Amino acid sequence: MSNINLDQMDNMQFDVLKEIGNIGAGNATTALSKMINGKVDMSVPEVALLEFKELPEMVGGAENIVVGILVQLDGEINGMMMFIMETESAYHLVNILMGSTVSKFEDFTELELSALQEIGNIISGAYLSSLSTLINIRIDASIPYMSIDMAGAILSVPAIEFGKVGDKALMIETKFSKDDSDVKGYFILIPTLESYGVILKSLGL
Amino acid sequence: MSEVIKVGMADLNVCTVPDAITTLGLGSCVGIVLYDSSAKKAGMVHIMLPDSTKIRNNENAAKFADTGIDALIESLQKVGANRNRLTAKIAGGAQMFAFSNNNDMLRIGDRNVEASKIKLEKLGIRLLAEDTGLNYGRTIVFYPETGELHIKSVGKPLKII
C-alpha cells in the first residue's frame, strides 16, 4: 500500500524520498550554476524527520532571519515546496548576479528583491521539473511567494501543513557552495499525504 | 535569578514570578497567554491549527487552539492558578506569504486567531489584548510580574500589550 505515515516511515520510503531530494537538488544546483555562470558544488542532501520544536534549529534558530520562497503545487501532486536561504547567502547570490554590494537586509532594492525571487523561482522550478520527470506525473507550480523574516515564522507555514498529518516534518537539506563562500540553501518538499502516496506509487512502492 | 521559559511550536508551559515565558518566531501559529494576576502565574501555548476535531492525528493537545487552551488551563491549575481569575492575551496568526488566491489552507493564521477567540469566549475567559494578523513574524515574551506581553518583530519597534 502506498499510504504513508510520516511518523512510522520505513527505510525504503525514507531512501526514496532522499533520492527524490538528491535528484531535485542536483537539478536545482545545475540551474543555479548556469545562472551565475560558475561552478556550484552541492553536498549530499540530508533528509531529516524532525519534531516541530527542532525545525527552526536546522536553519540557525527560530529568530534567525532567513529568505523563504514558497510555491504551491497543484494538479496530481498537491502541497508546497519551499526553498530557504540564509540571508548571507541571499546577499551573496544577488551580488554575483546583479553586481551589487548588498551586505544587509535594508540595502535591498526592489530590483534586487525581485531578482532574489526569480532565483527562488528558477531553483524551485528545476527541482520540481526533475521530480516531475522522475515520477512521470505533471506538477503545476504557482508563482513564487517570498518572505524575509524570522525562521520560526517562515517555517510555521510548512510546519502547519505537516501538523495536519502528524507531529513531525520532513526536511531535505542541501548545501551549495561557490568558491570559498558558502551559499546555503534548504529545500522542503511538502506534498499532501495523498500526494506522498501518489509519488511512492508511481515509483512502484 | 529569573529565568525565561521557552515554549516551542505545538508546546505549552507555565511560569511564576520572577520568571518570564516566551515563544520565538511566531508565524501563522498563535501564542495564547493565560494569566492569573493575583497568583502571578502565567501559561503560554503555541498552537498551530484551529480545530482538533478536524484532524485524525490529534494526540498532541498543544497543537490545536481548542485542546491547547484546555490543556493550558489544566497545567495552570496544577501550579495553583485560579481558573476563574484567568485572563488572556494572544499574538501571532500572521499570513507569512502574500498568496494571490484565497484558499482556506492559506488563511490558516486568521483561522487560528478566530478559533482561539471562540474557545476563550466559550470558557468565559476575557481577552485583554491581542496583536494578530498582518504579514510578519513575532517573538513574544510575557512577564507575570507586570502582566505585560512584549512583542518583537524584524525591523519594528518593541510593542507592549
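Can you tell which of A:129, A:114, A:124 is within 14 Å of chain B (Cβ to nearest Cβ), modelled with pLDDT of 85 or more and either out of contact with any Asp or Glu (no Cβ under 7 Å at 6 or more places or on another chain) or at positive phi (or both)?
Going through A:129, A:114, A:124 in turn, just one is within 14 Å of chain B (Cβ to nearest Cβ), modelled with pLDDT of 85 or more and either out of contact with any Asp or Glu (no Cβ under 7 Å at 6 or more places or on another chain) or at positive phi (or both): A:114.
Would you mention how many residues in region A:57-71 are more than 20 Å from residue B:152 (Cα to Cα) and modelled with pLDDT of 85 or more?
3
Within region A:103-128, can you find the residues that are buried (at least 16 other Cβ atoms within 10 Å of the Cβ), in contact with a helix residue (DSSP H, G or I) (Cβ under 7 Å, 6 or more places away or on another chain) and among the hydroxyl-bearing types (Ser, Thr, Tyr)?
Scanning region A:103-128 gives a single hit, A:127.
Which condition from (1) surrounded by 24 or more Cβ atoms within 10 Å (Cβ to Cβ); (2) within 20 Å of residue A:53 (Cβ to Cβ) is the one that residue B:22 breaks?
Here residue B:22 clears every test but (1).
Restricting attention to region A:60-94, and to residues there that are aliphatic (A, V, I, L, M) and in a helix (DSSP H, G or I), which single residue is nearest to the other protein chains (Cβ to nearest Cβ)?
A:90
Of everything in region B:118-155 that's among the charged types (D, E, K, R) and in a helix (DSSP H, G or I), which residue is nearest to the other protein chains (Cβ to nearest Cβ)?
B:119
Would region B:75-84 turn up any residue that is free of Cβ contacts under 8 Å to residues at least 40 places away in the same chain, more than 13 Å from the chain's Cα centre (by Cα), buried (at least 16 other Cβ atoms within 10 Å of the Cβ) and closer than 22 Å to residue B:61 by Cβ?
The answer is yes; a qualifying residue exists.
Could you pull out the residue among B:51, B:110 that is crowded, with 17+ Cβ neighbours inside 10 Å and charged (D, E, K, R)?
Just one listed residue meets the conditions, B:110.
In this structure, does residue B:34 turn out to be in contact (Cβ under 8 Å) with a residue 24 or more places away in the chain, crowded, with 16+ Cβ neighbours inside 10 Å and in a helix (DSSP H, G or I)?
Spelling it out, it is not the case that residue B:34 is in contact (Cβ under 8 Å) with a residue 24 or more places away in the chain, crowded, with 16+ Cβ neighbours inside 10 Å and in a helix (DSSP H, G or I).
All but one of (1) part of a strand (DSSP E or B); (2) at pLDDT 80 or above hold for residue A:170; which doesn't?
Exception for residue A:170: condition (2).
Would region A:140-152 turn up any residue that is in contact with a strand residue (DSSP E or B) (Cβ under 9 Å, 6 or more places away or on another chain), in a loop (DSSP other than H, G, I, E, B), touching a residue at least 12 places away in the same chain (Cβ under 8 Å) and acidic (Asp, Glu)?
Checked region A:140-152: no residue is in contact with a strand residue (DSSP E or B) (Cβ under 9 Å, 6 or more places away or on another chain), in a loop (DSSP other than H, G, I, E, B), touching a residue at least 12 places away in the same chain (Cβ under 8 Å) and acidic (Asp, Glu).
For region A:19-52, how many residues meet the condition of being within 14 Å of chain B (Cβ to nearest Cβ) and either touching a strand residue (DSSP E or B) at 6+ places or on another chain (Cβ under 6 Å) or surrounded by fewer than 17 Cβ atoms within 10 Å (Cβ to Cβ) (or both)?
2
Mind checking whether some residue in region B:107-117 is assigned to a strand (DSSP E or B), touching a residue at least 12 places away in the same chain (Cβ under 8 Å) and over 21 Å from residue A:162 (Cα atoms)?
no
Report every pair of residues separated by at least 6 positions or lying on different chains whose Cβ atoms are under 7 Å apart, first residue within region B:121-136 and under 22 Å from residue B:97 (Cβ atoms), second hydroxyl-bearing (Ser, Thr, Tyr) and in a loop (DSSP other than H, G, I, E, B).
B:136/B:153
Quick check on this structure: which one of B:4, B:45 is within 14 Å of chain A (Cβ to nearest Cβ), on the phi < 0 side of the Ramachandran plot and modelled with pLDDT of 95 or more?
Only one candidate passes the filter, namely B:45.
Please find, among B:58, B:82, the residue that is within 29 Å of residue A:168 (Cβ to Cβ) and modelled with pLDDT under 95.
Unique residue meeting the criteria: B:58.
The values are calculated or read from the model by the stated rules, or taken from the named source; none is laboratory data. In this text, all values refer to a predicted model and were calculated from it rather than measured experimentally. In this analysis, Cβ positions are derived from the backbone assuming ideal geometry, glycine residues included, and neighbour counts consider all displayed protein chains.
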